[in-house]
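One structure below.
The values are calculated or read from the model by the stated rules, or taken from the named source; none is laboratory data. None of these values were measured; they are calculated from a predicted model. All Cβ positions, even for glycine, are placed from backbone atoms using ideal geometry, and neighbour counts span all protein chains on display.
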Amino acid sequence: MTPACELDHLVVVAPTLARGVEYVADALGVEPGPGGVHPRMGTHNRLLRLGEGAFLEVIAVDPAVPRPARARWFGLDELDPDDEPRLAAWVARTTDMHAWIGAATEPLGAIETMTRGEREWLITIRADGRPPQGGALPALIEWSVPARSAAFDLEDRGCALARLTIGHPSAEAVSRALAGLGLASAVRVVPAGRLALLAEISTPRGTRHLA
């Protein structure tokens with residue numbers, strides 16, 4: 001039987017990478033480390049390990065890379081220059097992308113191959129670039145080269161993801177969709193008047209939050 005999906009990383013989007021890094025550093029007291037460039041998407045990122053097998057990605061449009069002919073991922077094309085950085089999405093890893101895409105009760109997007117430096121992976125991306133269900137559901141990722149999450153190659157800065165909470169007007173439907181991916185215990189889903197993501201992160205300075 002194919003193993004259930006696991007939470008792989010959180011995604012903070014920002015109008016510029018510098019503003020995203022500043023936002024995370026202010027919120028957590030720890031600055032994200034190096035990242036890289038995604039040539040197909042015209043984006044770049046910085047990364048921060050969040051314990052065993054998870055990490056935080058700060059991502060923004062890379063002005064040095066030509067604009068792609070398609071929508072960029074994580075809704076980056078919809079950000080205005082004055083928008084504040086925010087926790088906008090999350091990604092769950094799998095070792096059998098096609099099996100879990102077939103099991104998903106909600107559309108997660110098409111499977112595409114992406115690269116950053118020497119890394120290569122499969123990831124689901126919607127045609128409009130927006131996260132599934134506005135970010136309530138994850139994109140799926142299957143790491144190919146090397147065949148393990150980028151989290152394992154990041155420096156341990158003393159941070160760990162304690163809990164990810166998803167607030168949603170249709171909390172029961174979101175819970176069912178996550179259960180179908182084997183992610184029922186990976187996050188907490190609660191009723192809310194509108195969609196909201198809240199990450200509780202243990203840091204060297206105590207528990208901090210990204211929202």
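Okay, here's what the table says:
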| quantity | calculated |
| --- | --- |
| Matching residues in the stretch 19-34 - criterion: being buried (at least 22 other Cβ atoms within 10 Å of the Cβ) and not in a helix (DSSP H, G or I) | PRO32 |
| Meets criteria (farther than 16 Å from ALA88 by Cα and surrounded by 13 or more Cβ atoms within 10 Å (Cβ to Cβ)) for ALA199 | no |
| Filtered residue count, the stretch 160-182, keeping only those that are crowded, with 21+ Cβ neighbours inside 10 Å and part of a loop (DSSP other than H, G, I, E, B) | 1 |
| Pairs, first touching a residue at least 60 places away in the same chain (Cβ under 8 Å) and in the same structural domain as THR113 (by TED's automatic domain parsing) in the stretch 70-88, second part of a helix (DSSP H, G or I) and of a type in the set (D, E, K, R), C-beta under 7 Å, six or more apart | PRO85/ARG19 |
| Matching option when the condition is small (Gly, Ala, Ser) and not assigned by TED's automatic domain parsing to the domain that holds VAL12, among GLY182, GLY134 | GLY182 |
| Given (1) of a type outside the set (Gly, Ala, Ser); (2) in the same structural domain as THR95 (by TED's automatic domain parsing); (3) outside any strand (DSSP E or B); (4) touching a residue at least 12 places away in the same chain (Cβ under 8 Å), number of the condition ARG148 does not satisfy | (4) |
